[in-house]
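Have a look at the structure below before the remarks.
The values are calculated or read from the model by the stated rules, or taken from the named source; none is laboratory data. Just so you know, these numbers come straight off a predicted model, no measurement behind them. Every residue, glycine as well, gets a Cβ built from its backbone with ideal geometry; the counts of neighbours run over all protein chains shown.
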Amino acid sequence: MIPQVFKEVIDLGDGREISIETGKLAKQAHGSVVVQSGKCMLLCTVVSNYKQADVDFLPLTVDYREKFAAAGRYPGGFFKREARPSDGEVLTMRLVDRVLRPLFPKDYHSETQVMIQLMSHDDDVMPDAMAGLAASAAIQLSDFPFECPISEARVGRINGEFIINPTRSQLLESDIDMMIGASADSVMMVEGEMDEISEEEMTEAIKFAHEAIKVQCAAQVKLAEAFGKKEVREYEPEREDEELAKKIHDMAYDKVYAVAKAGSAKHERSAAFSEIKEDIKATFSEEELEDIGGLISKYYSKAEKAAVRDLTLNEGLRLDGRKTDEIRPIWCEVDYLPSTHGSSIFTRGETQALATVTLGTSREANQIDMPSFEGEERFYLHYNFPPFSTGEARPIRGTSRREVGHGNLAQRALKGMVPEDCPYTVRVVSEVLESNGSSSMATVCSGTMALMDAGVQLKKPVSGIAMGLISDAESGKYAVLSDILGDEDHLGDMDFKVTGTADGITACQMDIKVKGLSYEILVNALKQARDGRLHILEKLTDTIAEPNVEVKEHAPTMVTRRIPNEFIGALIGPGGKVIQELQKETDTTIVINEDPVTEEGIVEVLGVGKKGINAVMAKIDSLLFKPEVGSIYEVKVIKMLDFGAVVEYTEAPGNEVLLHVSELAWERTENVSDVVNMGDVFDVKYFGIDKRTRKEKVSRKAILPKPEGYVERPPRDNNRGRDNRGRDNRGRDNRRDDRRPREDKKEE
């Protein structure tokens, strides 16, 4: 039976469109769609168990995978099969998860899976920009309890004009690369990188993307109506007790308010809050605690959140006693680790990041091999968040999605400030040693200083700050919080991280938890963030004002040299013999890449100290050395022969030429040693290729004065002894018989 297919089309302008289709594939899933733009096709399926899981959170898994077959390619590796997700796939999963999760009911705890797969790739379409649309569209066709449709869109800007879902080639020209997630009513998520744009420009980009998202949300509603929207499933909600909630609130609120107002440190504050909670629990019997212990904890948390929020809105004070725009104390240090190429410590309050920098050749570039993109990164940043940084002991199971996301944010913040002509591959690693507040922004700050300490000539230093927002819709009050604590991250209505130079924003990550946030509040929050960034930036530049002029003594120096392609083989040698011996002799690393545009070889030489590098450069110079006809060069005798001396150009060691005995002096020379000896240094004139010998010719006598009375020897008469008919004086005919080949005559 031919399936009934339902389809909606979204016009993106410029002849581009996105279609959402259902009814053909994966019909046993609770919802499935195929989203297509050009030749790019995403299949998204959603499934949620009908039985509630025994947890107090939503066990939601968002999985995004790119199939290599989609691009007509084989996966790398021995097994030729897709394995663990790449960092790019993980970042897309996080983008989708952050928008979907808040729209499920807080008491919905069923195991839920959203699986998005790239099934067909188009070089002109970036699939991650459609992943959020695909996920939401599939959910709209299901019976999940989900608040409203959402979508995500990428926005770029070229020559002042905004573009929705630009191609990868367009992004190379764009000064903005932002992903925005939103419903028809509210912006919920923003993440991206920018080329030092202003707060107002960033807000305009968000507005532009939101208008496109509204159209995409409307298309999902139409598709669901045409398909036949399912009844929302019934599920067992969490137990509630309004009377108990009021009782706990009354018992906890004032005490929490007082502790919060005292402005104590994290551990003292946590201990005080725990004591209040335990005192409340002590008023209940063991039987009651067994029955409603979970509710007591839940309602206490609500009371604590309300008290802390009210303290900030009413009195402008925060948990640690700071004012809303106050930054915690900062101290910094560079060159802390003696053996790294660059290092720094950034400590802000109870958050600390230790960053290191390693310099290498293009061979150390981070290779990206995805169906949607192949390339390499010459600058990359890795972020590690061990459990001891928060005083916890928990299992360590590889790099978490959070670590990938936070590292990527810091990388995007800094990479635009690394100059294009930086010869190195640069790896930054951030080790978070303490965390109470944004460790990703601490990573940006420590990364900036470590790069400057390593001698990477950053265009401008970059700082970052994490901001929060507390608002009350009824009273209209709101407070923007600079440099938020970990606790403030959870209780606020918005948390956003902004990085930038003194001249503008370079990256951001924003999660908005309150509906209908006005753009006026957003701009005010971004401006307050700018003040905080500049304050932190001043602390960084007080520690290290500008990049070190040179790399450290123990760090490698990189020198690059371009050579014509025809000389690459000579530098490598047969089977790599020449380059391998050269690396061993000079204690350097030599990497050769070909530039297809200029048809030149790019030689990278990495070594500690100048001696080895200079030796490699001398070898390259000798390979490229081409003497000019008529020029005079200094040479050194390196070999004596019966018929001349082999000499080497002193400015290009390794380049040898034969100085024939007849070119040593004007006088007749019987023995070469009568004129020159091994190791002698003198000048010769270069005559180019000798027509008679077809070899290079140099002459010592040509630059010497002729002896007095010297008479040129008459030129040799090659026809002497032959008559006009070609016979020699003995009557033999030396003329060639052209009737037969000479080879035939020899055979006879």
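Could you list, in sequence order, the residues of the stretch 590-645 that are among the small types (Gly, Ala, Ser), in the same structural domain as ILE563 (by TED's automatic domain parsing) and part of a strand (DSSP E or B)? Residues satisfying the conditions are GLY601, GLY607. Selection of the stretch 555-601 for residues being among the aliphatic types (A, V, I, L, M), touching an Asp or Glu at 6+ places or on another chain (Cβ under 9 Å) and in contact (Cβ under 8 Å) with a residue 60 or more places away in the chain yields MET558, VAL559, ILE563, VAL591. Screening ILE620 against (1) touching a His at 6+ places or on another chain (Cβ under 6 Å); (2) under 30 Å from SER362 (Cα atoms) leaves a single unmet condition, (1). Among the residues of the stretch 442-457, at least one is closer than 19 Å to SER343 by Cα, out of contact with any Gly (no Cβ under 9 Å at 6 or more places or on another chain) and surrounded by fewer than 19 Cβ atoms within 10 Å (Cβ to Cβ).
State all residues of the stretch 128-163 that are in a strand (DSSP E or B) and either surrounded by 21 or more Cβ atoms within 10 Å (Cβ to Cβ) or without any contact (Cβ under 8 Å) to a residue 40 or more places away in the chain (or both); if no residue qualifies, say none.
Across the stretch 128-163, the qualifying residues are ILE150, SER151, GLU152, ALA153, ARG154, VAL155, GLY156, ARG157, ILE158, GLU161, ILE163.
Residues of the stretch 210-254 that are farther than 22 Å from ILE139 by Cα and among the charged types (D, E, K, R): GLU238, ARG239, GLU240, ASP241, GLU242, GLU243, LYS246, LYS247, ASP250, ASP254. Among the residues that make up the stretch 291-301, is at least one of them among the polar types (S, T, N, Q), touching a residue at least 40 places away in the same chain (Cβ under 8 Å) and within 29 Å of GLU434 (Cα to Cα)? No, there is no match, as no residue in the stretch 291-301 is among the polar types (S, T, N, Q), touching a residue at least 40 places away in the same chain (Cβ under 8 Å) and within 29 Å of GLU434 (Cα to Cα).
Evaluation of ALA652 against the conditions (1) more than 30 Å from CYS422 (Cα to Cα); (2) touching a residue at least 24 places away in the same chain (Cβ under 8 Å); (3) part of a loop (DSSP other than H, G, I, E, B) shows that the sole unmet condition is (1). The residues of the stretch 68-81 that are over 22 Å from the mean Cα position of the chain (by Cα) and not aliphatic (A, V, I, L, M), listed by number, are GLY72, ARG73, TYR74, GLY77, PHE78, PHE79, LYS80, ARG81. Annotation: ASP320 fulfils all but one of (1) charged (D, E, K, R); (2) surrounded by fewer than 18 Cβ atoms within 10 Å (Cβ to Cβ); (3) part of a loop (DSSP other than H, G, I, E, B); the unmet one is (2). Of the residues making up the stretch 516-525, at least one is at pLDDT 90 or above and under 29 Å from SER344 (Cβ atoms). Take the residues of the stretch 500-531 that are among the aliphatic types (A, V, I, L, M) and under 25 Å from GLY447 (Cβ atoms): which is surrounded by the fewest Cβ atoms within 10 Å (Cβ to Cβ)? Here the answer is ALA502.
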